[in-house]
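Notes to accompany the following structure.
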Amino acid sequence: MKLLIAVIKPFKLDDVRDALAAVGVQGMTVTEVKGFGRQKGHTELYRGAEYVVDFLPKTKIEIALDDDQVDAAIEVITKAAGTGKIGDGKIFVQNLEQVVRIRTGETGSDAL
């Protein structure tokens, strides 16, 4: 089992959710986060004053998957979240040692 973490632009969330549902991904956790990568923020003007925005709004998606679903999920997230511009985001994949469904006590892949 794997934990897939994708950090994407917020306006791409609906596209990513729909694309993941199309390949059979059933559940996810979504968090509104702030961060920066290579672009290191940007400057904006507000009422004539320039200020620096260090942390940009992002959306973090966490998905627990069976090993055989990971490649398909990465592919659809990349296509759905990509704009071709800087700041599109990143995908991280981590190993999951154990998953337990609290309601039923199921473990492993059955808990997903």
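The values are calculated or read from the model by the stated rules, or taken from the named source; none is laboratory data. Because the structure is predicted, anything quoted here is derived from the model rather than measured. Counting neighbours? That spans all protein chains shown, and the Cβs are built from the backbone with ideal geometry, glycine included. Surface areas here come from the heavy atoms of the whole protein model, side chains and all, with no ligands, DNA or RNA. Shrake-Rupley method; radii C 1.70, N 1.55, O 1.52, S 1.80 Å.
A few points about this structure:
- Test: residue in region 31-54 that is closer than 29 Å to VAL100 by Cα and open to solvent by less than 60 Å² (accessible area, probe 1.4 Å): yes
- Checking each residue in region 58-86 for being under 20 Å from GLY108 (Cβ atoms) and in a strand (DSSP E or B) picks out GLU62, ILE63, ALA64, LEU65.
- Condition met for GLY41 (modelled with pLDDT under 95 and closer than 17 Å to LYS90 by Cβ): yes
- Scanning region 46-55 for residues that are over 26 Å from LYS90 (Cα atoms) and either at pLDDT 70 or above or part of a loop (DSSP other than H, G, I, E, B) (or both) yields TYR46, ARG47, GLY48, ALA49, GLU50.
- Restricting ASP110, ASP67 to residues that are acidic (Asp, Glu), touching a residue at least 60 places away in the same chain (Cβ under 8 Å) and open to solvent by 40 Å² or more (accessible area, probe 1.4 Å) narrows the list to ASP67.
- Members of region 73-107 found to be surrounded by 14 or more Cβ atoms within 10 Å (Cβ to Cβ), among the small types (Gly, Ala, Ser) and modelled with pLDDT under 95, listed by number: GLY82, GLY87, GLY89
- The set of residues from region 1-28 being open to solvent by 50 Å² or more (accessible area, probe 1.4 Å) and either polar (S, T, N, Q) or in a loop (DSSP other than H, G, I, E, B) (or both) comprises VAL23, GLN26, MET28.
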